[in-house]
1. What pairs come out if I take residues in the stretch 109-131 that are within 19 Å of Ile21 (Cα to Cα) and pair them with residues that are hydroxyl-bearing (Ser, Thr, Tyr) and at pLDDT 85 or above whose C-beta lies under 6 Å away, six or more apart or interchain?
2. Just give me the residues in the stretch 32-58 being closer than 15 Å to Pro16 by Cβ, touching a residue at least 12 places away in the same chain (Cβ under 8 Å) and not acidic (Asp, Glu), in sequence order.
3. Within 23 Å of Glu39 (Cβ to Cβ), in a helix (DSSP H, G or I) and at pLDDT below 95: is that true of Glu104 in this structure?
4. Could you count how many residues in the stretch 17-73 are assigned to a helix (DSSP H, G or I), aliphatic (A, V, I, L, M) and closer than 22 Å to Ile125 by Cα?
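The values are calculated or read from the model by the stated rules, or taken from the named source; none is laboratory data. Values in this document were obtained by computation on a predicted structure and should not be read as measured data. Don't worry about glycine lacking a Cβ; one is built from the backbone with ideal geometry, like all the others, and counts go over all protein chains shown.
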Amino acid sequence: MTESKKSTVSSKKGKPNPVDIHVGQRLRMRRSLLGLSQEKLSEAIGLTFQQVQKYERGTNRISASRLYQFSKILDVPVTYFFDNITGNGKTAANKLSYGLSDNEQDAFSGEDVLSNKETIELVRIYYSIKDPKVRKDLLNMIKSMAATMTGNDD
């Protein structure tokens, strides 16, 4: 296989390259935060939604020109797609606990809690609330509920 034909598959058992997976996750996260479906994004860029799915999973590598198009449509700098990535291709987020207890971290089975679909939806909905006071009150209510559930009344 020539260098130009290698796609995203790394040399280890046909798995996608960790960098391509990370870039795809960042694409999915930003698309979800903006409330865009894969169909809407694919229409905006002139692709099929299946191609967007492959990009988001990291099974297809995103070219530089396509990444630039995504950055313009999603209103982020190109560097956004590489945030929190280390020299070995692993994400720094995989090493962070985000302040979660060991039990809470175990519940996510090693996945990056910030790229979890539920987390993205929660953040998107939270920021759709226009009144900052209402957002702050909601945050305080959630903190209070969490403290009651965990027995931590910090």
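1. These pairs meet every condition: Ile120/Ser32.
2. Of everything in the stretch 32-58, those that are closer than 15 Å to Pro16 by Cβ, touching a residue at least 12 places away in the same chain (Cβ under 8 Å) and not acidic (Asp, Glu) turn out to be Gln53, Tyr55, Arg57, Gly58.
3. Answer is no for this residue.
4. 5
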